[in-house]
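I'd like to ask you about the structure that follows.
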Amino acid sequence: MKFRLSRFFSSDIGIDLGTANCLVYVKDQGVVLNEPSVVSISDDGDVKVGTEAKRMLGRCPVNIRAIRPMKAGVIADFEVTEEMLRYFITKAKGFMKPYQRFFRPNVVIAIPSGITEVESRAVQDSAMRAGAGKVTTIPEPMASAIGVGLPVSEPTGSMIVDIGGGTTEVAVLSLAGIVEMRSCRVGGDEMDSSIIQHMKRVYNLLIGERMAEDIKIRIGSAYQVPDLEESMEVKGRDLVSGLPKSIRVSSQEIRTALQEPIASIVDAVRSTLEHCPPELASDLMDRGIMLAGGGAMIRGLDRLISEEINLPVLVADDPLNAVVKGTGWILQNLNSNVRV
Ligand SMILES: Nc1ncnc2c1ncn2[C@@H]1O[C@H](COP(=O)(O)OP(=O)(O)O)[C@@H](O)[C@H]1O
Ligand SMILES: [Mg+2]
């Protein structure tokens, strides 16, 4: 029998390789890193990852490119993804005990369920080259469901809707497996694009992605909540005069701008339900469905979905951490033979 010292001395890492944010869990320590999934590369080979790279998005001089390698839920650039994994694995080691750093950590990576078998293998190989020992990938909706505490291994249906930056993952789970699943390429980014389009069409105002995201987070909503109607100042460039300009926009008009991407998310939920076996569908009537991911925080989204599909809808307590917590749970319980 092969005796592996590293099994006893290495520490394990869980990674949520999200389209917008990458989070890392170190066994027995909890979530230690949370940074944007952005990599910037300059012509002279200088690479920056995470928070530092995101600051450059939309503000790069010609000799620097800032890339979101997972943007659409598929891997646009393998080398850049590997660079990102290397950065996170190296940084996570800094949170381990000194003797643990000598060993290659076992890594559990949650990846968007829409990526292909080939891409999944490539992520595993990249993680190994980036310093990992054994690498296990798990579908993001499974990790998310575990992370929010749904009873995924019981013989009862649970539904998770994880709305990330590039994708929305909808899954029905039972007996530790995925029974029905959809991955649609509409998430928070698409909402930002809709806001950009709206500002262009209505005000001839060109705004950047970061401004659009800010508008969505500050005054965006999916359903009218009277006490929360607000307005804010938006800055951009006037497409007619070419000069900087600022205008005020209201929650109500942003809600109109968000209608289309939100309708696509509702459609993904509806179509998953339509293909769900009847026994599990009836479980969902009692237990409702759970929203997670950053997009779940759009105000009134739970209420809108609930009205559209006629089921109770809950929002996870800590939606941005759902997936990474799920990977952490898996790490902490792998030795007790829990099947996921
Ligand atoms: N309070 C908020 N309201 C609405 N959207 C939000 C909020 N906070 C974050 N988001 C959006 O959530 C998305 C990121 O969610 P996340 O779950 O981290 O994505 P991913 O798993 O794809 O990396 C972004 O589009 C971001 O704009
Ligand atoms: Mg995610």
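Please find, within the range 149-163, the residue that is nearest to the chain's Cα centre (by Cα) out of those that are among the β-branched types (Val, Ile, Thr) and within 16 Å of ligand 2 (Cβ to nearest atom).
163
I want to confirm something. Restricting to the range 6-34 and keeping residues that are within 13 Å of ligand 1 (Cβ to nearest atom) and of a type in the set (S, T, N, Q), which single residue is surrounded by the fewest Cβ atoms within 10 Å (Cβ to Cβ)?
Result: 34.
Is at least one residue of the range 239-246 charged (D, E, K, R) and not in a helix (DSSP H, G or I)?
yes
Listed residues 126, 120; which is away from ligand 1 (no atom under 16 Å from the Cβ), open to solvent by less than 20 Å² (accessible area, probe 1.4 Å), touching a residue at least 24 places away in the same chain (Cβ under 8 Å) and in a helix (DSSP H, G or I)?
126
Determine which single condition residue 270 fails, assuming it passes every other condition in (1) touching a residue at least 40 places away in the same chain (Cβ under 8 Å); (2) open to solvent by 20 Å² or more (accessible area, probe 1.4 Å); (3) not hydrophobic (A, V, I, L, M, F, W, C).
(1)
Would you pick out the residues in the range 198-220 that are within 13 Å of ligand 1 (Cβ to nearest atom) and open to solvent by 10 Å² or more (accessible area, probe 1.4 Å)? Spell out the reasoning first.
Let us first name the residues in the range 198-220 that are within 13 Å of ligand 1 (Cβ to nearest atom), namely 209-220.
Answer for the range 198-220, where residues must be within 13 Å of ligand 1 (Cβ to nearest atom) and open to solvent by 10 Å² or more (accessible area, probe 1.4 Å): 209, 210, 211, 213, 214, 216, 217, 218.
Another question about this same structure. How many residues are within 14 Å of residue 22 (Cα to Cα) and open to solvent by 10 Å² or more (accessible area, probe 1.4 Å) when one looks only at the range 91-110?
Final tally of qualifying residues: 1.
On to the next question. Just give me the residues in the range 163-192 being among the hydrophobic types (A, V, I, L, M, F, W, C), farther than 22 Å from residue 254 by Cβ and surrounded by 24 or more Cβ atoms within 10 Å (Cβ to Cβ), in sequence order.
Of everything in the range 163-192, those that are among the hydrophobic types (A, V, I, L, M, F, W, C), farther than 22 Å from residue 254 by Cβ and surrounded by 24 or more Cβ atoms within 10 Å (Cβ to Cβ) turn out to be 170, 171, 172, 173.
Let me ask something else about it. Does the range 186-208 include one or more residues that are under 16 Å from residue 81 (Cβ atoms) and in a helix (DSSP H, G or I)?
Taking the range 186-208 first, the residues under 16 Å from residue 81 (Cβ atoms) are none.
No, there is no match, as no residue in the range 186-208 is under 16 Å from residue 81 (Cβ atoms) and in a helix (DSSP H, G or I).
Here's a follow-up. In the range 35-54, what residues are surrounded by fewer than 16 Cβ atoms within 10 Å (Cβ to Cβ) and either within 30 Å of residue 325 (Cβ to Cβ) or in contact with a Ser or Thr (Cβ under 9 Å, 6 or more places away or on another chain) (or both)?
46, 47, 51, 52
Quick check on my filter: what residues within the range 54-91 are over 21 Å from residue 185 (Cα atoms) and free of Cβ contacts under 8 Å to residues at least 24 places away in the same chain?
Scanning the range 54-91 gives 54, 55, 56, 59, 60, 61, 62, 63, 79.
Out of all the residues in the range 232-252, which are touching a Ser or Thr at 6+ places or on another chain (Cβ under 9 Å) and open to solvent by less than 60 Å² (accessible area, probe 1.4 Å)?
232, 234, 236, 249, 250, 251
Within the range 164-177, take every residue that is touching a residue at least 40 places away in the same chain (Cβ under 8 Å) and more than 18 Å from residue 312 (Cα to Cα) and give me the one that is nearest to ligand 2 (Cβ to nearest atom).
164
Between a first residue in the range 231-260 that is assigned by TED's automatic domain parsing to the domain that holds residue 215 and a second residue that is aliphatic (A, V, I, L, M) and open to solvent by 100 Å² or more (accessible area, probe 1.4 Å), which pairs have beta carbons less than 9 Å apart while being 6 or more apart in sequence or on different chains?
If the second residue must be aliphatic (A, V, I, L, M) and open to solvent by 100 Å² or more (accessible area, probe 1.4 Å), the pairs left are 237/243.
Determine which member of the set 138, 195, 146 is open to solvent by less than 10 Å² (accessible area, probe 1.4 Å), on the phi < 0 side of the Ramachandran plot, within 21 Å of the chain's Cα centre (by Cα) and within 16 Å of ligand 1 (Cβ to nearest atom).
Unique residue meeting the criteria: 195.
State yes or no: is residue 263 at pLDDT below 95 and under 22 Å from residue 308 (Cα atoms)?
Working: at pLDDT below 95: no; under 22 Å from residue 308 (Cα atoms): yes.
Answer is no for this residue.
The values are calculated or read from the model by the stated rules, or taken from the named source; none is laboratory data. On a predicted model such as this, the values are computed, not experimentally measured, just so you know. Please note: Cβ atoms are built from the backbone with ideal geometry, for glycine as well, and neighbour counts cover all protein chains shown. Only protein heavy atoms, including side chains, enter the accessible area calculation; ligands, DNA and RNA are left aside. Shrake-Rupley method; radii C 1.70, N 1.55, O 1.52, S 1.80 Å.
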